[in-house]
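Coordinate-derived values only; no laboratory data. All figures in this text were calculated on a predicted structure; none of them were measured in a lab. Virtual Cβ from ideal backbone geometry, glycine too; neighbours counted across all protein chains shown.
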Amino acid sequence: MNELGRLEDLPQDYRDELASRNLVPLWPNLRAVLPPGVPSRNTRPIHWPYATLRPLLMRAGELTPMEKAERRVLVLANPGHGLENMKASPAIYLGMQLLLPGEWAPSHRHTPNAVRMIVEGRGATTTVGGEKCPMERGDLILTPTGEWHEHEHDGSEPVVWLDVLDLPLIYYAEASYAIEGQRQQPKAGRGDQAYARGGIVPTPYFERGRAAYPMLRYPWAEARAALLDIAASQPDLEAVQVTYVNPESGRDAQNNLGFHALMLRPGQTLRLPARSPAQVFHVIEGGVDAQIVASRFTLAEADTCCAPGYEPVQLANRSATEPAFVFVADESPLHRKLGVYEVRA
Ligand code: GTQ
């Protein structure tokens, strides 16, 4: 590949004139934006242990009342992107949110898509578009773009969940904004009940439902049981994984980010090939050793880590007797839409 001319090779008067006309020569910058073979990535492998995060989140509960926070969240920020930019990866925002007993995080809606993965505590609910969703450990709850959502807590222990948003992407697109609203009137019926059985969908009067997001809550008990059934019925299957999909369309549950649950069999080491999308791993149950580029993380329950795209990832169950369960969020729907999705064997 040719060595290209540098900016310094050009006379100063020419450079000044270009800049004054809002013009830039491509050749000094060409290799930066089109690097050979593999993209440059700011996403670093980062591990956020829950044991160190949790006390800091509880302290936020003492330091900052809900009225001063609206959403009491510590953001899991990747230093490779600059902490202040609040990104785990180019398109993924991660936040650990705390709701204390009796608190209410007021209703709003916004353009970015969000999901919650419940980490601990019982008795909280998220109301999404009027549907009041219980929050139990391991549940996945969607708050898709434009849907009103508010969180409330009638239980007695703190509730913590992991927020996963496509905020960095929507912000980059200069399309990120929020609207504040009123307390929602809960309506009857819940998608997780209407769509509780795979392949069987409600047809109120010989018509399929047309809701864009018919299912908002994916109970962990169902995803876990599905993984165990798949593992038991297919003993040779290497990657025991399910994807959270829209039960009406069969497509990704949300627009830009993909959500999956992965089971590692007792003692299993799983090698995931390098793929273009960045990904996030969050341990729902068990302990996992993760190797990502040159980093080795020992992940305990409720720990979270991220991996840049175009790198293989190795996940090993630390237990020889119990399965481990991992929640995976990735940028694959976005990459597929962009036409850049690839797997490198
Ligand atoms: O719970 O609505 O972590 O609006 C960031 C922005 C959570 C939420 C976040 C949000 C929310």
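For residue 320, the conditions (1) of a type outside the set (D, E, K, R); (2) closer than 21 Å to residue 49 by Cα; (3) touching a Gly at 6+ places or on another chain (Cβ under 6 Å) are fulfilled apart from (2). For beta carbons closer than 9 Å, sequence separation of 6+ or different chains, a first residue in the range 90-116 that is without any contact (Cβ under 8 Å) to a residue 60 or more places away in the chain and a second that is near the ligand (Cβ under 7 Å from one of its atoms) and in a loop (DSSP other than H, G, I, E, B), the qualifying pairs are 105/71.
Matching residues to (1) out of contact with any Leu (no Cβ under 8 Å at 6 or more places or on another chain); (2) closer than 29 Å to residue 73 by Cβ; (3) within 16 Å of the ligand (Cβ to nearest atom):
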residue: 166; (1), (2), (3): no, yes, yes
residue: 170; (1), (2), (3): yes, yes, yes
residue: 181; (1), (2), (3): yes, yes, yes
residue: 194; (1), (2), (3): yes, no, no
residue: 197; (1), (2), (3): yes, no, no
residue: 200; (1), (2), (3): yes, no, no
residue: 223; (1), (2), (3): no, yes, no
residue: 229; (1), (2), (3): yes, no, no
residue: 234; (1), (2), (3): yes, no, no
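Run down 51, 32 and say which single residue is part of a helix (DSSP H, G or I), surrounded by 10 or more Cβ atoms within 10 Å (Cβ to Cβ) and out of contact with any Ser or Thr (no Cβ under 7 Å at 6 or more places or on another chain). Before the answer, list the steps.
Working: 32 fails: surrounded by 10 or more Cβ atoms within 10 Å (Cβ to Cβ).
Step by step, each of 51, 32 is checked, and only 51 is part of a helix (DSSP H, G or I), surrounded by 10 or more Cβ atoms within 10 Å (Cβ to Cβ) and out of contact with any Ser or Thr (no Cβ under 7 Å at 6 or more places or on another chain).
Tallying residues that are of a type in the set (Asp, Glu), within 16 Å of the ligand (Cβ to nearest atom) and part of a helix (DSSP H, G or I) within the range 54-82 yields 1. Taking the residues in the range 236-252 that are among the β-branched types (Val, Ile, Thr) and closer than 17 Å to residue 264 by Cβ as candidates, determine which candidate is surrounded by the most Cβ atoms within 10 Å (Cβ to Cβ). Result: 240.
State yes or no: is residue 160 over 24 Å from residue 214 (Cα atoms), surrounded by 19 or more Cβ atoms within 10 Å (Cβ to Cβ), within 14 Å of the ligand (Cβ to nearest atom) and not charged (D, E, K, R)? Taking the combined requirement at face value, the residue satisfies it.
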